[in-house]
Amino acid sequence: MTEPALQEGNKRVVLAFGTRPEATKMAPVYAALARQPGITPLILSTGQQRTMLDEALAVFGLTPDEDLNVMTDRQTLADLTARIVPQAGRTLRAMGADLVLVHGDTTTSFCVTLSAFYEGIPVGHVEAGLRSGNMAEPFPEEANRRLTGVLSTLDFAPTPGSRANLLREGKDPHGVFVTGQTAVDAVREVAGRVPLRPEWREKLDAGQRLVTVTMHRRENLPVMADMARALADVAQAHPDCHFVYPVHLNPAVQDAVRPALGNLPNFELTEPLDYAQMAPLMAASTLLATDSGGLQEEGAALGVPVAVLRNVTERPEGVEAGVLKLAGNDPDTLRSVIGGLLSDEAELARMRSARNPYGDGQAAGRIAQAVAWHFGLVERPADWA
Ligand code: UD1
């Protein structure tokens with residue numbers, strides 16, 4: 001992507017993020033802001049995740065304007081916080097930020113928001129208003145997104161339900177916009193542009209079904225080895241399925257899953273996949289089994305059923321629409337839900353035909369218009385209905 005020119009008088013909007021999913025979901029927002037007259041978008045990376053973030057940026061041709069490079073091996077949440085907070089505000093000030101946009105619920109989002117607040121720089125929160133109602137799950141994401149929402153000036157809620165959560169917490173409706181999920185914009189664009197890897201295409205051609213698996217959540221770590229053993233049982237019971245699990249680089253995740261899943265003929269453990277490989281893999285899958293937040297929306301956007309490996313979800317719209325099923329993190333339940341789905345073609349077909357409740361692929365354009373409205377440049381955008 002070509003860099004937008006820094007035009008005299010343009011408002012500087014800094015997109016601040018540090019993890020792979022934030023980069024993926026902010027990439028469409030950057031592109032939409034770059035097209036918006038009067039606005040110059042800039043990128044501040046915290047580098048919370050080094051390799052995985054850089055790979056995600058490369059898929060969209062983005063380069064950070066500033067990079068705090070905070071990641072260390074086996075970093076704790078406190079380590080991250082103690083490194084991001086003092087540097088972020090100072091850097092935003094040096095970048096001349098008129099507004100900073102953060103995303104979702106990571107430690108980067110909350111720490112950049114706090115630091116910007118101390119500098120008097122307003123914050124716009126993309127993917128605002130998601131709530132599981134449980135501070136322990138997902139941990140610490142539920143706290144991160146609530147804390148971010150206390151300080152943000154503009155809130156871009158993906159759905160009417162997330163807007164309602166924000167108003168219930170007392171947010172001023174004037175600053176809240178219903179935009180749809182930018183993940184819908186991103187996954188459709190990439191899955192439509194990049195073909196499936198040839199070795200997975202061959203599996204499909206040979207009549208096998210693909211199942212994409214991801215697990216990395218902190219609150220699942222204590223039971224992750226048992227969850228992995230349950231997935232191994234499911235794989236053995238379904239030799240017609242080829243499971244692909246790109247394992248997160250977190251060493252604690254690697255230690256938990258490799259022993260149970262490393263030696264099965266139909267269970268492929270891969271390095272983290274960049275989004276250009278992940279999006280077509282998800283689109284070609286029969287089922288996604290995941291504890292990720294983003295994959296729940298991506299499955300819904302692609303019409304692929306999702307078994308959610310958590311006890312609660314902050315994305316209830318997909319459960320109501322019928323494309324998501326909560327499988328929990330108890331190994332027995334997980335075995336029966338996922339095994340049951342893979343044996344029930346009628347149920348999978350019902351899930352595939354559910355409507356997508358997360359957006360229409362135009363979220364980034366609405367966010368860019370709302371940002372321009374904030375600066376008095378254009379009309380307020382209509383909410384996504
Ligand atoms: C973070 C986010 C989570 C998001 C996830 C996506 C928080 C609290 N959590 O969780 O919401 O779903 O990212 O990936 O912000 N590592 C590497 N290389 C990398 C990335 C990670 O080696 O490119 C290792 C490091 O040892 C690091 C550890 O993984 O210490 C954990 O990464 P971190 O970003 O702190 O937390 P996640 O659990 O990935």
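When you scan the range 272-282, do you find a residue that is hydroxyl-bearing (Ser, Thr, Tyr) and open to solvent by 10 Å² or more (accessible area, probe 1.4 Å), even just one? Within the range 272-282 (the criterion being hydroxyl-bearing (Ser, Thr, Tyr) and open to solvent by 10 Å² or more (accessible area, probe 1.4 Å)), the answer is yes, since at least one residue qualifies. Residues of the range 342-385 being of a type in the set (Ser, Thr, Tyr) and under 22 Å from residue 182 (Cα atoms), which ones? Within the range 342-385, 353, 358 meet the criteria.
Among the candidates 260, 225, the residue that is surrounded by fewer than 19 Cβ atoms within 10 Å (Cβ to Cβ), closer than 27 Å to residue 139 by Cβ, small (Gly, Ala, Ser) and away from the ligand (no atom under 16 Å from the Cβ) is uniquely 225. Among the residues examined, residue 23 does not qualify as in contact with a Leu (Cβ under 8 Å, 6 or more places away or on another chain), more than 16 Å from the ligand (Cβ to nearest atom) and aliphatic (A, V, I, L, M). Within the range 26-61, the set of residues being over 16 Å from the mean Cα position of the chain (by Cα), within 16 Å of the ligand (Cβ to nearest atom) and open to solvent by 10 Å² or more (accessible area, probe 1.4 Å) comprises 50, 51, 58. I need a count of the residues in the range 165-200 that are of a type in the set (Gly, Ala, Ser) and open to solvent by 40 Å² or more (accessible area, probe 1.4 Å). Counting residues in the range 165-200 that are of a type in the set (Gly, Ala, Ser) and open to solvent by 40 Å² or more (accessible area, probe 1.4 Å) gives 2. If you filter the range 343-368 down to residues that are touching a Leu at 6+ places or on another chain (Cβ under 9 Å) and open to solvent by 10 Å² or more (accessible area, probe 1.4 Å), you find that the one that is nearest to residue 121 (Cα to Cα) is 356.
In the set (1) in a helix (DSSP H, G or I); (2) free of Cβ contacts under 8 Å to residues at least 60 places away in the same chain, the condition left unmet by residue 92 is number (2).
Residues checked against (1) assigned to a helix (DSSP H, G or I); (2) in the same structural domain as residue 314 (by TED's automatic domain parsing); (3) closer than 24 Å to residue 341 by Cβ; (4) out of contact with any helix residue (DSSP H, G or I) (no Cβ under 8 Å at 6 or more places or on another chain):
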residue: 164; (1), (2), (3), (4): yes, no, no, yes
residue: 219; (1), (2), (3), (4): yes, yes, yes, yes
residue: 222; (1), (2), (3), (4): yes, yes, no, yes
residue: 257; (1), (2), (3), (4): yes, yes, yes, no
residue: 265; (1), (2), (3), (4): no, yes, yes, yes
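Residue 121 satisfies every condition listed in (1) over 22 Å from residue 304 (Cα atoms); (2) surrounded by fewer than 18 Cβ atoms within 10 Å (Cβ to Cβ) except (2).
Look at the range 99-123: where a residue is within 15 Å of the ligand (Cβ to nearest atom) and in a helix (DSSP H, G or I) and a partner is open to solvent by 30 Å² or more (accessible area, probe 1.4 Å) and among the polar types (S, T, N, Q), sitting 6+ places away or on another chain with Cβ atoms under 6 Å, you get 111/81.
For the range 70-84, the set of residues classified as in contact (Cβ under 8 Å) with a residue 12 or more places away in the chain and among the hydrophobic types (A, V, I, L, M, F, W, C) consists of 70, 71, 77, 80, 84, listed by residue number.
Can you confirm whether residue 127 is open to solvent by less than 20 Å² (accessible area, probe 1.4 Å), modelled with pLDDT of 95 or more, assigned by TED's automatic domain parsing to the domain that holds residue 370 and more than 11 Å from the ligand (Cβ to nearest atom)? In short, yes.
Selection over the range 263-277 of residues that are within 12 Å of the ligand (Cβ to nearest atom) and in contact with a strand residue (DSSP E or B) (Cβ under 8 Å, 6 or more places away or on another chain) gives a count of 2. Scanning the range 232-249 for residues that are of a type in the set (D, E, K, R) and within 13 Å of residue 211 (Cβ to Cβ) yields a single hit, 240.
Scan the range 58-69 and give yes if some residue there is touching a residue at least 12 places away in the same chain (Cβ under 8 Å) and in a helix (DSSP H, G or I), otherwise no. Yes, the range 58-69 contains a residue that is touching a residue at least 12 places away in the same chain (Cβ under 8 Å) and in a helix (DSSP H, G or I). The residues listed here are 235, 230, 252; of these, the one that is in contact with a strand residue (DSSP E or B) (Cβ under 6 Å, 6 or more places away or on another chain) and assigned to a helix (DSSP H, G or I) is 235.
On the basis of being in contact with a Ser or Thr (Cβ under 8 Å, 6 or more places away or on another chain) and on the phi > 0 side of the Ramachandran plot, does residue 207 make the cut? Criteria not met by residue 207.
The values are calculated or read from the model by the stated rules, or taken from the named source; none is laboratory data. Keep in mind that this is a model prediction, so the values were computed, not measured. Using ideal geometry, Cβ is built from the backbone for each residue, glycine included, and neighbour counts are taken over all protein chains shown. Ligands, DNA and RNA are stripped out before the accessible areas are found, and what is left, the full protein with its side chains, is counted by its heavy atoms. Shrake-Rupley method; radii C 1.70, N 1.55, O 1.52, S 1.80 Å.
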